[in-house]
Structure formats: C-alpha cells, structure tokens
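Let me begin by presenting the structure, written as structure tokens, before commenting on it.
The values are calculated or read from the model by the stated rules, or taken from the named source; none is laboratory data. A quick note: this is a predicted structure, and the numbers were derived from the prediction, not measured. Ideal geometry is used to build each Cβ from the backbone, glycine not excepted, and the neighbour counts take in all protein chains shown.
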Amino acid sequence: MRPGHAFQRTFGFFFAGILLMSVSAAAQDLAPPVPQRLVVHSSILNEDRVIWVRTPRDYEHDKAAYPVLYLMDGPAHINEIGSTIDFLAQNNRVPPMIVVGIANTDRTRDLTPTHWDMKRPDGTVNANPTSGGGDHFLDFIQKELMPQIEKRYRTSCYRVFAGHSLGGLMVIHTLITRPDLFQAYIAVSPSLQWNDQGTLHQAQQFFAEQAELKKALFFSLGNEGNTPNPMGDGFDQLKKTLAAKAPKGFHWDSARYPDETHGSTVLLAHYAGLRTVFDDWQMPVNAQDGSPEGGLAGIEKHYHDLSERYGCAVRPPENLINQFGYQLMGQKKLDEAIRAFQRNVELYPDSANVYDSLGEGYENAGKLDVAIQNIEKAIAQGTLISDPNLDLYKEHLKRVQAAKVAADKATSPK
C-alpha cells in the first residue's frame, strides 16, 4: 500500500515514511494486544504461578520468532512496557518482542537474593521472615517457566530481564550469578541497599574478575537518591565501578531521574533501557534525503550485522523496505523499486501488503498484467489473515483493471 501519489513525488523518504505509517495506523484496529493469562505449576516453588504473556500485534499473522522480555511485577508493568516496545518497534528502534510478566505471590521471598531483617536507626528490626528465596525463583524461571514459554510461543534466542525496586535488585543478582540466562538486563531503581549492599559488593567483585562480558545492562534511579541514603549510594558505587573499568564487550548505561518518584520513574527507565539495549538497531540513513544508507544492499548488511551481534537471525523490517521501495518509485527508479518490493515478498510471504506494493511497482512500470496478479495475491492473503487494509487492496485492483481495459482499448485495431 502506498502513501499517496502527489505527496510521494514532492517530498523525501522521511516524510513519505511518516505518511505511510499514519495511513496504516488509521486503518488498523487501535486496540493494543491483550496479555494472555497462563497458570504454570512450579514444583520448585510448590505453587501455581500466574503468568501474563503479551505478544506483538502481528504475532498471529506471521511465522516469525521474537525476542522475549521477562518482567517481574508483571501485572503492574506489562501494558506499560508493552506499549513502549510497540512505539519503539514502529519506529525501528527495537524489535517487536514477546513480554512475559510474572505475577507475585510472595514478592519479598522471590525478589531478594539473601535473608535480611533490616535494623532501623532507632534499633528496632523490620523483619522479613520469608526473604532470601531469589535463587529458587530464578530456578523456577530457568527450569520451568522458560521451557513452557519456548514450547508455547515462537521465541528467538535473545532474552531480556527487567525489574523494578526489589526486581531491579534481582536483575543485578542474576547478571552476576547467572550471566548467560539473559542477554540483556534492565534494573529500574534497584534496591542495592539490601542486606548492607551485599549484592553491590558481589557485583563489584564480579566485574573486577571479568575480562570480557558480552552482555548489556541499563540501571536507573529516581528521586530516591536526591538525599544521601544507602540506595542512592549503591547506585553511585555501581556506576563508579563500571565507569572505572567495565569488561570488554560489556555494553552499559545508567540514568538518574531526580524529578520522578520511585513509582513514576519506571516509564522513563524502561524507555531508556530498551534504547540502550538496542542502541544500534535503527538503520543508518543518508543525511540528505533520509534514505537507508547504501540502499537495499545497505539494509541487508545492517540487519546481517545485527544478526551477528545479537546471535539470532534478524530480518529487515517490512515497513522499512516498503518505504524505501516507494521512495525509489517516486524517483522514477522503477526497476530498483520493484527489486525492493520483490525482496519484501521473499522476506514476508505471509503479508498481504507486500504483494499490493509489488503490484503498484509493476503498475507504475506499465506492466499491468503482472500488477493485477500481485494485487490479487494481496487480496487472497488479506482475506486469509483478515488484513484491515483489504478494502484498499480491492480498490487498487479495480483501478488497475480499469487502466488495463483502457490500455487494451487504446492499442486494439480500429
């Protein structure tokens, strides 16, 4: 589907891309994906655990495998981080992802690596009788939850672990005790004050011993650190440790949000964390016209390089190649446009839009018979997957069929 004839001829790739996205969004169902509720029995924890799974919008319409973000405090944050991923993925800043939100039963038990009864300044004790079960919780994730998710859903090999507060503490603990369980870690306002900063000291020793660590970490703090306290001090010490000497290949960043509370900081931190983890995801563009650097070959190389870095096959996004094809068509580079649209068909054979776009490429090249064949494929596939743009494909077919009748009449003997 194209963004519009006159607009595309007048403006460059960047603005054409915006209009294409706007037209597509207007035609789609605006309701976000609804998380699915699962109940997984844990023999390790001796209880049933409620799990919420949010799949990408196109999950039911393609056969792709997706990275997975495992999220502690799942019910509180799954829609927020899911919408953030949707927004960033639409702008090709991160891949679409499956989000697995883990609901709590005993939060203090599961999200603390050690037992700690905290002593208050007045000498009284804040008892945490069930604390210290974090490693059993990780056993549940690793040995029971992950196999269930990978059995039920199309998952790729890339996994992210995200948590807030005590969940952030568990993110740091997991990174330094089971670094290969995930490829990337997002710790929002981690409770590094826990047990007299025991996890912080363990992390400092861990990083000092690592010559190389091909992982990613983002950690943040809200206004909890505005006045001196053990939580803010833990954040500062971890940042200082990594700034002094981070392991080779370890990609990390941190941020403070002094105007955000412990609760409200989550949205900004998740956004920044995802941007950090996938900081090289976006396709480089030409500074003059906003087109993909290196053309179609450059697109292929960029996503090949991402596949190498992330360790999983990464396809160029359908909308990126589609937009590039329309830019080429607007520049009257019809053969190149058709090659771009053909590549999209190869990459996304289950999409209806790729056939409609290829049909429009052939239409502009004057090859109306082939155009009609491809638009008919778009309609057939669109009907099969209930594509929201199906009526537009049908209108497109009528237009090209009418043009074919007129062209045949003009060339027929008088």
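Quick notes
- Of the residues examined, HIS61 is one that is surrounded by fewer than 21 Cβ atoms within 10 Å (Cβ to Cβ) and of a type outside the set (Asp, Glu).
- Condition met for SER307 (small (Gly, Ala, Ser) and touching a strand residue (DSSP E or B) at 6+ places or on another chain (Cβ under 9 Å)): no
- Among the numbered conditions (1) among the hydrophobic types (A, V, I, L, M, F, W, C); (2) assigned to a loop (DSSP other than H, G, I, E, B); (3) touching a Phe, Trp or Tyr at 6+ places or on another chain (Cβ under 9 Å), the only one that LEU296 does not meet is (2).
- Considering only residues in the stretch 370-414 that are within 12 Å of SER351 (Cα to Cα) and among the hydroxyl-bearing types (Ser, Thr, Tyr), the one that is surrounded by the fewest Cβ atoms within 10 Å (Cβ to Cβ) turns out to be SER386.
- Residue check for GLN205: surrounded by 16 or more Cβ atoms within 10 Å (Cβ to Cβ), polar (S, T, N, Q) and assigned to a helix (DSSP H, G or I): no
- Residue match in the stretch 197-210 (condition: under 26 Å from the mean Cα position of the chain (by Cα) and not basic (Lys, Arg)): no
- The residue that is surrounded by the most Cβ atoms within 10 Å (Cβ to Cβ), counting only those in the stretch 71-89 that are in contact with a Pro (Cβ under 9 Å, 6 or more places away or on another chain) and not aliphatic (A, V, I, L, M), is GLY82.
- Positions within the stretch 216-235 being free of Cβ contacts under 8 Å to residues at least 24 places away in the same chain and surrounded by fewer than 17 Cβ atoms within 10 Å (Cβ to Cβ), in sequence order: THR227, PRO228
- Look at the stretch 108-127: where a residue is exposed (fewer than 11 other Cβ atoms within 10 Å of the Cβ) and a partner is assigned to a strand (DSSP E or B) and at pLDDT below 95, sitting 6+ places away or on another chain with Cβ atoms under 8 Å, you get ARG120/ASN126; VAL125/MET118; VAL125/LYS119; ASN126/MET118; ASN126/LYS119.
- Some residue of the stretch 276-286 being part of a helix (DSSP H, G or I), crowded, with 16+ Cβ neighbours inside 10 Å and within 20 Å of the chain's Cα centre (by Cα): yes
- Boolean, GLY167 is at positive phi and at pLDDT 95 or above: no
- Any hit, the stretch 35-53, residues being surrounded by 17 or more Cβ atoms within 10 Å (Cβ to Cβ), under 28 Å from MET283 (Cβ atoms) and touching a residue at least 12 places away in the same chain (Cβ under 8 Å): no
- Scanning the stretch 346-390 for residues that are over 29 Å from TYR59 (Cβ atoms), of a type in the set (A, V, I, L, M, F, W, C) and not in a helix (DSSP H, G or I) turns up just one, ALA365.
- Check on LEU217, out of contact with any Lys or Arg (no Cβ under 7 Å at 6 or more places or on another chain) and part of a strand (DSSP E or B): yes
- Residue ranges of helices (runs of 4 or more DSSP H) in the stretch 66-140 with at least 1 members more than 9 Å from the chain's Cα centre (by Cα) and closer than 17 Å to GLN193 by Cβ: 107-110, 134-140
- Per the listing GLU293, GLU360, GLU346, the residue uniquely buried (at least 16 other Cβ atoms within 10 Å of the Cβ) and either more than 20 Å from the chain's Cα centre (by Cα) or basic (Lys, Arg) (or both) is GLU360.
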